[in-house]
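The structure's right below; bear with me while I get my questions together.
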Amino acid sequence: MDPAALEALELPAITARLAAASATELGAERARALEPVTDAETVVERQALTAEGVALLDAGVDPPLAGITDVRGAVERAAREGTLGPAELRAIAVAVRVALEARRIVGEERALAPLLHERLSLLEPRLATVADEIERAIEDDGSDVRDTASPLLRRLRRELRNGGARVREELARVARSRDVQEALQETFLAERGGRPVLAVRAGARSKVPGIVHDASSTGQTLFVEPFAVVELNNRLAEAAADAREEVERILRELSSSVAAQAAGLVALVETTSHVDVVLASASLSRSWGGAPVTISDGVRLLSARHPLLDRRTAVPIDLDLDALRAVVISGPNTGGKTVALKTLGLAALLHQCGLRPPADLVSLPIFDSVLADIGDRQSIEMSLSTFSGHLSTLIEILRSATERSLVLLDEVAAGTDPEEGSALAQALVARLARQARLTFVTPHSPELKEWASSTPEVANAATSFDPDTGRPLYRVDLGRPGTSHALRIAERLGLDDDVVADARARVTPERLRTAELLAEAQAAERAAVELRDDAAVTAARVREREAELNRELGRQREAAERVRTEAIAAAEAELAAARAELGALRGELRAARRRRREPDQDRALGAATERAARAESALGDLSAPLQAIAALAVGDPVESDVGVRGTIASIRGDDAEVVGAAGQRVRIPLTRLRPSRERAPEERAPVVQVRASARGDVSDQLDVRGLPGHEARELVRRLVDDAALAGLKSVRVVHGRGTGALRKAVREELASHPLVERRESDAEDGATLAHLG
């Protein structure tokens, strides 16, 4: 690929973003150097790898690669018997751990990413032993060798710590003596040559026996190591030297382990860098809404966007070029011609780099080269004018273009005499249309547009322009030429009306009429598109409303089915109880008849028989199939499964307020209502009634002292329920004072019970009195 063309199409800006999305040092380096390939097999493999990366990210799987640095230099130095430092060894251990973890994660998702799994499976698991050795011996931050790296190093460092403390203590003792204190220049302890010393006045040197290690610049202060600590310091220095030797030995051993696995470690860094570029490509492709590419002979980009433009504001373009050999795209300045040209070229480059171009649908050939002449080619150094610079590039493009080339020319043959430039542009594009796979040009003269309209396998395209606002629409319409609208733009920008009128008079009537016809066609097309879009929006709203009504109908049916099921279960339970009672009464009646006639039993038997019949009838009604229902609205006559009938007065959320025939108002869930055929329903008793008789054996006091909180809550709840059924107005719960936990549990239960109207403390807070509503 031509480096100048890659630069003109802004591929370096894309690779810079790719490098920023990379997680590894070498991966970012490879991303910046990424270039498109022309081999079909390699392009297919790159796109397949990117597809696997996208699949992993879509599934929420992001193999971690951050932390893998390029340790190849350190590994190669170890292989040459060099000794690595703690930081280098730690970096190797981190790289191994991260890479093997990524290998494990991708291995678990091998069904989504078989190619990535195949690559990462080449990483050698035995590299974990090298990481183990390093982690046991080197600090986590790579600053030093751990004390525990060997028993000898542990002993020597302990000796250094203890010996250093003894030296400081002895030096402080010497400094505290009266004679030495008088001889000291400063009271602090200093250090010279790695040994602790005292700052002694030169005139009092004899009062501090010891070794002079240094003197101040004035000669007034001597730095003396007292004889009392010399021997201690000597032993300390020997221990420090031994510790350094032991550290060197440990580092040499670890470096030898690295050298033994040098090939595997180098392969690890290179493999993970390739995988890193794949995952960065997938992440970047997802971020700009990239589409998988279908390889074909034709060129088709639907809703394509330039990847460097803001996705939220960029206007997508359609380039459905199929088998066209050349396209001439025209329109007003700043109307998006160059952006469209770059979008096409960059889409081809992204595809062959392994990234997905930002579009809804992409179909592209694999080009052997992308040749471009975009921007100013003026060269002062080579004494070339703009035209000469462009012409030199065009000559090189003609030499290089093949049947598989994509050629992009911006303002072809500009910068010279218009008539000659127009002829040259037509000749160049005609030659490239035969020689290259696709030539995409922006013209500098109207003759090139006329030539495109009359040439097979060549088409015009126009960038849209809003005549009302005078602003470009950044949309590409294939099949018709565009107009520059230069006079209209000049008029909008405030050029003198006389100048504009004079310019318009100098344009031939035929060309003015052509521009007017093109503008009228464009306006008509835009109006048709707007009508079509409005119709599509209206149809979408209708479909959405229909779907919403269907969902509401389904919810109503489900709710009605639930209510019916519950009512059937309740009626069945009532029926079973009635039948059991009926059987018991019949048994009693048979026994009584043998003795004498019992009117009371006869009446009870009749009542039970009647209740059973009612339950059976209700059960039969509830088992009937549900009628289809629609969404209820205010004013609808309704009835419910619990006997409520009336008209819906209002609807709030999932509840409706129903007004009965007598003016009573009832709030009831919508799911419990169904349409009624009667506008003024009559009151009727519910099918199944529950009656409770007051009990006379219910106590009004409960003692829960010593019980756990949950048991106390249960007993309090039962007490209130029983007391309410028995008709009691208040109950008293004794809980004691204690820690207050039991009192809190009791009062919380009373506060949440719907039958408790209020509560108050009793017996100096050792009991609580609850008043029932």
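Give me the pairs, please: first residue somewhere in the stretch 127-156 and closer than 24 Å to Ala267 by Cα, second residue anywhere and part of a loop (DSSP other than H, G, I, E, B), beta-carbon distance under 6 Å, and either six or more positions apart or on two chains.
Leu127/Gln261; Val130/Gln261
Any residue in the stretch 561-574 that's surrounded by 12 or more Cβ atoms within 10 Å (Cβ to Cβ): show its pairings with residues that are of a type in the set (Ser, Thr, Tyr) and in a helix (DSSP H, G or I) at Cβ separation under 9 Å, as long as the two are six or more apart or on different chains.
Arg562/Thr671; Val563/Thr671; Arg564/Ser623; Ile568/Ser623
Return the pairs, sorted by first residue and then second, in which the second residue is of a type in the set (S, T, N, Q) and modelled with pLDDT of 90 or more, the first residue lies in the stretch 726-751 and is in a loop (DSSP other than H, G, I, E, B), the beta carbons are less than 9 Å apart, and the residues are 6+ apart or on different chains.
Close Cβ pairs satisfying both conditions: His735/Thr768.
Scan (1) at pLDDT 80 or above; (2) touching a His at 6+ places or on another chain (Cβ under 8 Å); (3) β-branched (Val, Ile, Thr) for the single condition Val407 breaks and write down its number.
Failed condition: (2).
Just checking, which of Ala280, Ala260, Ala267 is small (Gly, Ala, Ser), more than 30 Å from Val458 (Cα to Cα) and more than 32 Å from the chain's Cα centre (by Cα)?
It is Ala260.
In addition: Quick one: in the stretch 295-314, of everything that is open to solvent by 70 Å² or more (accessible area, probe 1.4 Å) and in contact with a helix residue (DSSP H, G or I) (Cβ under 9 Å, 6 or more places away or on another chain), which residue is modelled with the highest pLDDT?
Ile295
Is it the case that Thr69 is of a type in the set (S, T, N, Q), in contact with a helix residue (DSSP H, G or I) (Cβ under 9 Å, 6 or more places away or on another chain) and closer than 19 Å to Arg249 by Cβ?
It is false that Thr69 is of a type in the set (S, T, N, Q), in contact with a helix residue (DSSP H, G or I) (Cβ under 9 Å, 6 or more places away or on another chain) and closer than 19 Å to Arg249 by Cβ.
Which residue is most open to solvent (accessible area, probe 1.4 Å), if the candidates are limited to the stretch 137-176 and must be touching a Pro at 6+ places or on another chain (Cβ under 6 Å) and in a loop (DSSP other than H, G, I, E, B)?
Restricting to residues being touching a Pro at 6+ places or on another chain (Cβ under 6 Å) and in a loop (DSSP other than H, G, I, E, B), the top hit is Asp144.
Condition first: touching a Leu at 6+ places or on another chain (Cβ under 8 Å), open to solvent by 60 Å² or more (accessible area, probe 1.4 Å) and outside any loop (DSSP other than H, G, I, E, B). Can you find one or more residues in the stretch 7-19 that meet it?
Scanning the stretch 7-19, I find at least one residue that is touching a Leu at 6+ places or on another chain (Cβ under 8 Å), open to solvent by 60 Å² or more (accessible area, probe 1.4 Å) and outside any loop (DSSP other than H, G, I, E, B), so the answer is yes.
Show the residue pairs meeting these rules: Cβ distance below 8 Å; 6+ apart or different chains; first residue within the stretch 61-86 and more than 18 Å from Gly264 (Cβ to Cβ); second residue open to solvent by 60 Å² or more (accessible area, probe 1.4 Å) and among the polar types (S, T, N, Q).
Pro86/Ser143
Between residues in the stretch 334-353 that are modelled with pLDDT of 95 or more and residues that are part of a helix (DSSP H, G or I), which pairs lie under 6 Å by C-beta distance while being six or more apart or on different chains?
Leu349/Leu11; Gln352/Val43
Go over the candidates Arg90, Arg97 one by one and state the one that is crowded, with 21+ Cβ neighbours inside 10 Å, under 30 Å from Asp144 (Cβ atoms) and in contact (Cβ under 8 Å) with a residue 24 or more places away in the chain.
Of Arg90, Arg97, the one residue that is crowded, with 21+ Cβ neighbours inside 10 Å, under 30 Å from Asp144 (Cβ atoms) and in contact (Cβ under 8 Å) with a residue 24 or more places away in the chain is Arg90.
So, one more: Name the residues in the stretch 241-256 that are among the small types (Gly, Ala, Ser), under 18 Å from Ala91 (Cβ atoms) and open to solvent by less than 30 Å² (accessible area, probe 1.4 Å), would you?
Correct list: Ser255 only.
If you check Leu432 against the conditions, is it touching a helix residue (DSSP H, G or I) at 6+ places or on another chain (Cβ under 9 Å), at pLDDT 90 or above, open to solvent by less than 30 Å² (accessible area, probe 1.4 Å) and assigned to a helix (DSSP H, G or I)?
Working: touching a helix residue (DSSP H, G or I) at 6+ places or on another chain (Cβ under 9 Å): yes; at pLDDT 90 or above: yes; open to solvent by less than 30 Å² (accessible area, probe 1.4 Å): yes; assigned to a helix (DSSP H, G or I): yes.
Considered against the rule, which asks whether it is touching a helix residue (DSSP H, G or I) at 6+ places or on another chain (Cβ under 9 Å), at pLDDT 90 or above, open to solvent by less than 30 Å² (accessible area, probe 1.4 Å) and assigned to a helix (DSSP H, G or I), Leu432 comes out as yes.
In the stretch 723-761, what count of residues is obtained for those that are open to solvent by 50 Å² or more (accessible area, probe 1.4 Å) and over 19 Å from Val698 (Cβ atoms)?
12
The values are calculated or read from the model by the stated rules, or taken from the named source; none is laboratory data. Note that the coordinates shown come from a computational prediction; the quantities given were computed from them, not determined experimentally. Counting neighbours? That spans all protein chains shown, and the Cβs are built from the backbone with ideal geometry, glycine included. Side chains included, ligands, DNA and RNA excluded: accessible areas come from the protein's heavy atoms. Shrake-Rupley method; radii C 1.70, N 1.55, O 1.52, S 1.80 Å.
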